[in-house]
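The values are calculated or read from the model by the stated rules, or taken from the named source; none is laboratory data. Worth saying up front: this structure is predicted, and the values here are computed from it rather than measured. All Cβ positions, even for glycine, are placed from backbone atoms using ideal geometry, and neighbour counts span all protein chains on display. Calculation scope for accessible area: heavy atoms of the full protein, side chains included, ligands and nucleic acids excluded. Shrake-Rupley method; radii C 1.70, N 1.55, O 1.52, S 1.80 Å.
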Amino acid sequence: MVDRKHLEEQLKNAFYWFHENPELSYEEYQTTEKIREFLQNYGIEILPYDLETGLVAIVRGAKKGPVQMLRCDIDALPIREQTAFPYRSKKEGKMHACGHDMHIAAGLGCAVLLQENREKLHGTVKIIFQPAEESSLGALKILETDAMQDVDLVWGFHADPTNDVGVIGIREGYVTAAVDRFVITVKGIGCHGAHPDDGIDPILVSAAIVQALQSIISRNVNAFHPALLSVTRIHAGTTWNVIPPEAVMEGTVRTMEREDRILYEKKVKEIAEKTAQAYGAEAVVEWIAGPPATYNNKQMADLCEQKAKEHGLQTVPEESSMGGDDFAFYEDENTMGRKVPGCYVKIGTGAGCPIHHPSFEVKPEVLLPTAEYLTEIMLGGSLEIYKKLQQ
């Protein structure tokens with residue numbers, strides 16, 4: 001029998017270690033080995049996938065039931081930490097500023113508790129310690145294996161510094177946006193800054209494109225559909241008196257609805273290319289698709305709310321975010337070849353600085369309650385949900 005206080009102490013110590021030793025996307029070698037060591041100490045099975053970083057643990061229940069998956073992301077950010085914690089980052093310019101250290105520790109605790117309660121568990125749970133979420137594509141590394149082929153239900157969670165410990169954000173429907181990136185290269189003709197009539201100014205063309213792109217949301221997208229476009233980088237020229245031959249701009253599109261995502265890609269290309277043509281220039285558009293939008297299944301969201309209340313936790317409506325999460329790949333019909341029901345909740349970690357801030361913090365007392373809460377979700381009610389979804 002696992003001693004609750006002992007497990008809590010171990011989870012805190014693990015959390016401190018992960019916070020002190022952050023590793024960036026695709027570089028989580030030490031992190032992976034520390035996770036492996038913790039799991040092996042409890043006799044938890046690790047599936048033999050050939051992953052460079054990250055791993056998949058599995059707990060096999062004594063009763064028949066669905067295959068469930070819990071995703072825990074493990075990478076850090078290139079941010080210089082500005083806290084006074086005794087366990088602050090030891091790696092200059094790297095920090096767990098998004099709570100992934102908390103995700104790892106809570107996931108480890110959940111694995112231990114599920115292993116302890118195998119006799120009560122219907123089916124199987126895979127706990128995926130996923131690399132490179134901050135790249136927006138780390139989930140694809142897991143999907144290169146067959147880890148997800150038999151999964152029936154997927155669960156995700158995230159640290160939430162807008163709420164106190166003991167508060168869970170839950171809602172059905174879309175909770176994170178689809179994330180796409182674009183790069184537009186405008187090709188003009190360079191010339192002297194005093195003789196613009198001798199060339200075609202790509203900076204002027206770029207300005208016109210930036211303005212025109214904002215018309216997509218105001219004139220093409222349903223006003224009740226959340227969507228946005230941001231141009232976040234423009235680069236052109238090398239000095240003050242030369243009109244350059246080329247300008248490059250980069251930005252992001254965020255959408256919730258699948259049809260809006262398709263529309264944006266089409267309209268960005270049309271506007272950039274035709275605006276450039278009107279000025280006698282050329283625009284080349286590169287579209288880099290990221291994860292789709294995350295959608296919470298109603299029955300799964302209802303179960304999360306029920307278990308939160310049974311566990312003595314407060315629930316609040318989860319805020320929809322135009323931020324993205326590659327957790328959505330695990331649900332996505334296009335990626336998976338089938339639609340997999342999922343639910344992604346926000347765990348209050350103590351109100352404070354927002355995620356990706358150099359002073360972001362997670363209160364360690366959230367670790368064990370989060371592990372217990374996640375365990376209760378997968379032990380109780382998931383079988384009934386699975387049966388209903390199969391009807």
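Observations, loosely collected:
- Test: residue in the stretch 206-227 that is of a type in the set (A, V, I, L, M, F, W, C), over 24 Å from residue 293 (Cα atoms) and free of Cβ contacts under 8 Å to residues at least 40 places away in the same chain: yes
- One residue from 250, 273 being open to solvent by 50 Å² or more (accessible area, probe 1.4 Å), out of contact with any helix residue (DSSP H, G or I) (no Cβ under 6 Å at 6 or more places or on another chain) and either part of a helix (DSSP H, G or I) or more than 20 Å from residue 198 (Cα to Cα) (or both): 273
- Pick from the stretch 276-299, criterion under 20 Å from residue 258 (Cβ atoms) and outside any strand (DSSP E or B), ranking: nearest to the chain's Cα centre (by Cα): 291
- Sole residue being open to solvent by 50 Å² or more (accessible area, probe 1.4 Å) and of a type in the set (A, V, I, L, M, F, W, C), chosen from 227, 223, 208, 212: 223
So that you can scan it fast, the table gives a plain yes or no per residue for (1) at pLDDT 95 or above; (2) open to solvent by less than 20 Å² (accessible area, probe 1.4 Å); (3) in contact with a His (Cβ under 6 Å, 6 or more places away or on another chain); (4) within 20 Å of residue 71 (Cα to Cα):
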site	(1), (2), (3), (4)
144	yes, no, no, yes
154	yes, yes, no, yes
157	yes, yes, no, yes
161	yes, yes, no, yes
174	yes, no, no, yes
177	yes, yes, no, yes
192	yes, no, no, no
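- Subset of the stretch 300-325 (residues that are of a type in the set (A, V, I, L, M) and over 21 Å from the mean Cα position of the chain (by Cα)): 303, 308, 313
- Verdict on residue 132 being touching a Ser or Thr at 6+ places or on another chain (Cβ under 7 Å), in contact (Cβ under 8 Å) with a residue 24 or more places away in the chain and at positive phi: yes
- Per-region count, the stretch 1-55, residues at pLDDT 95 or above and either touching a Cys at 6+ places or on another chain (Cβ under 7 Å) or among the β-branched types (Val, Ile, Thr) (or both): 6
- Within the stretch 315-353, the residues that satisfy the criterion of being open to solvent by less than 10 Å² (accessible area, probe 1.4 Å) and outside any loop (DSSP other than H, G, I, E, B) are 326, 327, 328, 330, 342, 343, 344, 345, 347, 348.
- Residue ID - most open to solvent (accessible area, probe 1.4 Å), chosen from residues in the stretch 1-29 that are of a type in the set (S, T, N, Q) and more than 23 Å from residue 82 (Cβ to Cβ): 13
- Among residues of the stretch 259-270, those that are over 15 Å from residue 288 (Cα atoms) and open to solvent by less than 30 Å² (accessible area, probe 1.4 Å), counted: 1
- Among the residues examined, residue 60 qualifies as on the phi < 0 side of the Ramachandran plot and modelled with pLDDT of 95 or more.
- The set of residues in the stretch 146-171 being within 16 Å of residue 332 (Cβ to Cβ), assigned to a strand (DSSP E or B) and aliphatic (A, V, I, L, M) consists of 153, 154.
- Complete set of residues in the stretch 49-70 that are within 21 Å of residue 331 (Cα to Cα) and touching a Pro at 6+ places or on another chain (Cβ under 6 Å): 54
- Within the stretch 49-80, the set of residues being open to solvent by 30 Å² or more (accessible area, probe 1.4 Å) and in contact with a strand residue (DSSP E or B) (Cβ under 9 Å, 6 or more places away or on another chain) comprises 49, 60, 62, 63, 64, 65, 78, 79, 80.
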